[in-house]
Amino acid sequence: MVPTWHYLVLSAALLTIGIIGVLTRRNVIIILMSLELILNAVNINLVAFSRQLADVSGQIFAIFIITVAAAEAAVGLGILIAFFRNRDTVNADEIDLLKW
Amino acid sequence: MMFAQGSFYVLAAVAVVSALLVITRRNPVHSAIYLIVTLLSVALLYLQLQAEFIAAVQIILYIGGIMVLFLFVIMLVKLDVALRQPPFNQQWWVAGAAALVLAVELVGVIYLGRGTAALPQAPPGSLQPNTELIGRTLYQNYMLPFEIASLLLLVAMVGAVLMARRKAS
């Protein structure tokens with residue numbers, strides 16, 4: 001039996017990789033993919049604790065997180081397409097219309 | 001027992017390595033393929049954790065739905081210019097250092113708390129039949145969140161259509 005804290009370490013690794021991706025990449029598509037990595041890290045935690053506590057509520061929470069991830073991807077990619085149509089770029093550091 | 005342990009470490013290594021490849025590849029199509037590998041190995045980890053329903057949902061919804069959406073958008077957006085530009089922004093070393101500190105902190109806390117937070121492991125088979133248990137809990141205890149999730153999906157659908165629509169001129 002793999003102890004629960006090994007799953008927590010895996011989840012922390014995926015979370016950190018996702019955070020690095022969000023903070024350092026310029027392409028908005030890859031930033032959105034890194035967000036999916038972060039949400040997956042949370043889901044691993046929830047399912048691992050659900051296994052340890054023999055309580056199915058953690059898996060229900062994971063289903064809700066997957067729902068939110070789907071909604072976030074749809075809206076985020078819609079915004080990306082609208083932005084690309086206006087400015088012809090997908091780079092996050094060129095989205096500076098409100099900066100001065 | 002040995003097989004379960006070994007396959008956990010293999011799957012975890014595959015997930016972490018392909019996650020690293022997701023954030024370092026220059027081409028977003030390659031990133032999407034590696035993200036699919038990560039999601040698939042996480043789905044297999046769910047199977048190991050006796051969460052068969054979540055594993056199926058992960059494959060059908062993430063890999064079949066969200067990743068196809070990503071690939072569609074990659075095809076719609078012209079990336080020739082972006083491919084020739086540097087993939088990382090100027091603050092990458094600050095972000096990397098901060099994330100490294102965060103990783104050390106997280107792993108340290110998890111390692112130090114592994115004994116104090118250790119609860120008795122549930123006996124195997126306690127979450128079976130998985131799909132039936134999830135269905136019962138979802139419709140008996142979590143009815144209102146379920147309805148709110150449906151509303152959220154409706155709002156996201158309307159929002160996505162509104163955002164991506166061509167302006168009627």
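Would you point out which residue out of A:ASN86, A:ASN91 is within 24 Å of B:SER18 (Cα to Cα), modelled with pLDDT under 90 and more than 16 Å from the chain's Cα centre (by Cα)?
Going through A:ASN86, A:ASN91 in turn, just one is within 24 Å of B:SER18 (Cα to Cα), modelled with pLDDT under 90 and more than 16 Å from the chain's Cα centre (by Cα): A:ASN91.
When the range A:51-61 is examined, which residues are found to be under 18 Å from B:ALA56 (Cα atoms) and surrounded by fewer than 24 Cβ atoms within 10 Å (Cβ to Cβ)?
Taking the range A:51-61 first, the residues under 18 Å from B:ALA56 (Cα atoms) are A:51, A:56-61.
Hits for the range A:51-61 are A:VAL56, A:SER57, A:GLY58, A:ILE60, A:PHE61.
For B:ALA32, indicate whether it is at pLDDT 90 or above and closer than 21 Å to B:VAL10 by Cβ.
no
Return the only residue of A:ALA73, A:ALA41 being of a type in the set (A, V, I, L, M), within 12 Å of the chain's Cα centre (by Cα), buried (at least 22 other Cβ atoms within 10 Å of the Cβ) and more than 7 Å from chain B (Cβ to nearest Cβ).
Working: A:ALA73 fails: more than 7 Å from chain B (Cβ to nearest Cβ).
So the residue among A:ALA73, A:ALA41 that is of a type in the set (A, V, I, L, M), within 12 Å of the chain's Cα centre (by Cα), buried (at least 22 other Cβ atoms within 10 Å of the Cβ) and more than 7 Å from chain B (Cβ to nearest Cβ) is A:ALA41.
Among the residues of the range B:125-165, what is the count of those that are surrounded by 13 or more Cβ atoms within 10 Å (Cβ to Cβ), touching a Phe, Trp or Tyr at 6+ places or on another chain (Cβ under 8 Å) and more than 7 Å from chain A (Cβ to nearest Cβ)?
2
Of these, B:LEU69, B:LEU106, which one is under 17 Å from A:LEU32 (Cα atoms), free of Cβ contacts under 8 Å to residues at least 24 places away in the same chain and in contact with a helix residue (DSSP H, G or I) (Cβ under 8 Å, 6 or more places away or on another chain)?
B:LEU69
Could you tell me whether any residue of the range A:44-59 is over 25 Å from B:ILE36 (Cβ atoms) and touching a Gly at 6+ places or on another chain (Cβ under 6 Å)? Before the answer, list the steps.
If we filter the range A:44-59 for residues that are over 25 Å from B:ILE36 (Cβ atoms), which is where we start, we get A:49, A:52-57.
Add one more test, that the residue is touching a Gly at 6+ places or on another chain (Cβ under 6 Å), and what stays is A:49.
Yes, the range A:44-59 has at least one match.
Mind checking whether some residue in the range A:23-30 is within 28 Å of B:ALA56 (Cα to Cα) and either surrounded by fewer than 19 Cβ atoms within 10 Å (Cβ to Cβ) or at pLDDT below 90 (or both)?
Checking the range A:23-30: not a single residue is within 28 Å of B:ALA56 (Cα to Cα) and either surrounded by fewer than 19 Cβ atoms within 10 Å (Cβ to Cβ) or at pLDDT below 90 (or both).
Here's a check for you: in the range A:76-100, which residue that is assigned to a helix (DSSP H, G or I) and of a type in the set (Lys, Arg) is farthest from the other protein chains (Cβ to nearest Cβ)?
Within the range A:76-100, the match that is farthest from the other protein chains (Cβ to nearest Cβ) is A:ARG87.
Any idea which of (1) more than 14 Å from the chain's Cα centre (by Cα); (2) facing chain B (nearest Cβ under 7 Å) is the one A:PHE49 doesn't satisfy?
Result: A:PHE49 fails condition (2) only.
Please name all residue pairs, on different chains or six or more residues apart, with Cβ atoms under 8 Å, provided the first residue is in the range B:142-169 and is closer than 16 Å to A:ALA69 by Cβ and the second residue is modelled with pLDDT of 90 or more and of a type in the set (Phe, Trp, Tyr).
B:PRO145/A:PHE64; B:ALA149/A:PHE64
For the range B:23-52, what are the residues that are in contact (Cβ under 8 Å) with a residue 60 or more places away in the chain, within 7 Å of chain A (Cβ to nearest Cβ) and either of a type in the set (Gly, Ala, Ser) or in a helix (DSSP H, G or I) (or both)?
Hit for the range B:23-52 is B:ALA51, nothing else.
The values are calculated or read from the model by the stated rules, or taken from the named source; none is laboratory data. Bear in mind the structure is a predicted one, so any value in this text is a computation, not a measurement. Backbone-built Cβ (ideal geometry, glycine too); neighbour counts: all protein chains shown.
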